[in-house]
Amino acid sequence: MAGPNYVAAPLKAITREMIVEIARRTVSYGPLKEATYVGLGALEFVDFRLAYERLGIETLISIEENHPLERLEFNRPYDGIRIMQGTTNSKLPEIEELKSSRCVIWLDYTSRLRQSEQRDLAYLASVLAPGSALFVCLNRVASERDLDVVRSEFGDYFDESLPKTSYIGPNLADRQREVAERVVRKHLATRVDLASVELVIDVRYADSAKMQVLGWVFGPVGADVSADCRLAELDFTTIARDGAPLDLAWPSLTLPEWNALSKQLPATLDSMVPPHKWVGEEHIQRFLTLHRWGRPMAAANA
Ligand SMILES: C[S@@+](CC[C@H](N)C(=O)[O-])C[C@H]1O[C@@H](n2cnc3c(N)ncnc32)[C@H](O)[C@@H]1O
């Protein structure tokens, strides 16, 4: 079995586009052709095609702990992709390019923010060159019965003074963001070159699982990363949203309903007229949030 189909998930596809748009803005700090992309390509390498075709990055490195090397090498779209077999914890420190070039890193995890993911963030924040961008995808699901597991996953960052409900349901995503931010900033502060950093994306979505994308751009000493990369122009960034996370949900619309709404664009929630009474405001809002990124055909596999 090849595992989940990472090609078909429509909301994940939108987050990939957002990552590409942000990563492209780091061109303010130098050409992307000379940068390095490090990701978890799985068997489909969808993110690697984007890194090469859309960003023009030529040094491409995929880390994978589960699939056999021969199968990964057969499936890689370009022979130039270097595949490293093992965990990110063990392989990231072996990548010289992390220290010698600007990088775009996307650790597309399937787990929550456990201590092992915290270790990756800590390591990267301590070595990444200014002008690099770092993204992580995290699972954001925990119920009351998972609380002990979540406590051990958070480790020293679990705050016993908070109500237990802070770590379950939709609140977990807020805790993960706080902890990820603290880890990145703590380890950046240990550097002699004292780069600056900005949290640039917090998108929460659910295709088959509830997930969260967080990302940071690292700038030179004293840089205003948001201004240098003009991130306020991208309406999905935390910069444009005054720090607020963005929730993505697919609207429940047929193709003719989607088309009826499309014809009214550009529009606002107030100006939009539903095609009939069964298309409610919630789904029109969802449509407005993501119509620029997705197509109803893509939703067929959601
Ligand atoms: C979500 S998939 C990657 C999908 C791909 N990035 C895309 O855009 O479609 C994550 C892959 O990384 C692997 N993986 C997850 N966490 C890992 C880790 N910490 N170290 C190494 N491999 C990991 C999984 O086995 C899986 O194949």
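Every number in this text was worked out from the coordinates using simple rules, so none of it is lab data. None of the values given here were measured: they were computed from a predicted structure. Virtual Cβ from ideal backbone geometry, glycine too; neighbours counted across all protein chains shown.
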How many nm separate the modelled label positions at Lys263 and Leu147, each set 7 Å beyond the Cα in the direction of the Cβ?
5.4
Cβ-placed point charges (K, R +1; D, E -1), dipole of the chain about Cα centre in debye, nearest 20:
300
Comparing Leu50, Leu98, Leu162 in a Gaussian network model of the chain (Cα, 10 Å), the one with the largest mean-square fluctuation is Leu162
If one takes the longest principal axis of the Cα atoms in the chain, at what angle in degrees, from 0 to 90 and to the nearest 10, does the Cα axis of helix 115-127 lie?
70
Set the Förster distance to 41 Å, then compute FRET efficiency between Arg49 and Ser161 from the Cβ-Cβ distance, nearest 0.05.
0.35
Relative to the first principal axis of the alpha-carbon coordinates of the chain, what is the inclination of helix 171-188, with its axis defined by its Cα atoms, in degrees from 0 to 90 and to the nearest 10?
30
Only four residue types carry charge here, +1 at the Cβ of Lys and Arg and -1 at the Cβ of Asp and Glu. Report the dipole size of the stretch 255-301 about the Cα centre in Debye, rounded to the nearest 20.
180
Show me, for the stretch 252-259, the HN-Hα J-couplings you get by feeding each phi into the Karplus relation (A = 6.51, B = -1.76, C = 1.60, θ = phi - 60°), rounded to Hz, glycine and proline as x.
8, 9, 7, 4, x, 5, 4, 5
Along the charge dipole of the chain, pointing to its positive end and built from +1/-1 on Cβ of Lys, Arg, Asp and Glu, which listed residue (Ile284, Val150, Ala206) has its Cα farthest out?
Ile284
Taking amide H positions as placed 1.01 Å from N in the peptide plane, with prolines and chain starts having none, which residues 5 or more places from Thr59, or on another chain, fall under 5 Å of its amide H?
Tyr37
Quick one: 3J(HN,Hα) in Hz for the stretch 160-165, Karplus 6.51/-1.76/1.60 with θ = phi - 60°, rounded, Gly and Pro as x.
5, 6, 7, x, 4, 5
Nonlocal amide H pairs with Ile105, under 5 Å, H built at 1.01 Å
Val38, Ala133, Leu134, Phe135
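Translational D (Stokes-Einstein, µm²/s) of the stretch 64-185 at 10 °C and 1.306 mPa s when Rh comes from the Kirkwood sum over C-alpha pairs? Please list the in-between numbers first.
Numbers: Rh = 16.0 Å.
This corresponds to a translational diffusion coefficient of 99 µm²/s.
For Trp278 and Val192, what is the calculated FRET efficiency with R₀ set at 51 Å and r taken between the beta-carbons, to the nearest 0.05? Walk me through the numbers before you get to the answer.
Values: r = 61 Å, r/R0 = 1.20.
Computed FRET efficiency for Trp278 and Val192: 0.25.
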Can you list residues whose amide H is under 5 Å from Lys210's amide H, if they're 5+ apart or on another chain and H is modeled 1.01 Å from N?
Arg140
If I take every Cα pair under 8 Å that is 6 or more residues apart in the chain, average their sequence separation and divide by the length, what percent do I get for the relative contact order?
17
I want the local charge near Gln115. Using Cβ-Cβ distances under 12 Å, sum +1 for each Lys or Arg and -1 for each Asp or Glu among the other residues.
0
dims of the chain, Cα set, principal axes, largest to smallest, nearest Å -> 59, 50, 46
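Report for the chain the percent antiparallel among DSSP-assigned beta bridges with both residues inside it, nearest 5.
Numbers: 17 of 37 bridges.
Close to 45 percent.
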Find out how many positive minus negative residues lie around Met18, taking Lys and Arg as positive, Asp and Glu as negative, among other residues whose Cβ is under 14 Å from that of Met18.
0
The stretch 198-205 - phi-based ³J(HN,Hα) in whole Hz, Karplus 6.51/-1.76/1.60, Gly and Pro as x:
9, 6, 10, 8, 8, 10, 10, 8
For the stretch 147-196 and the stretch 261-290, what is the separation of their Cα centres, given in Å?
37
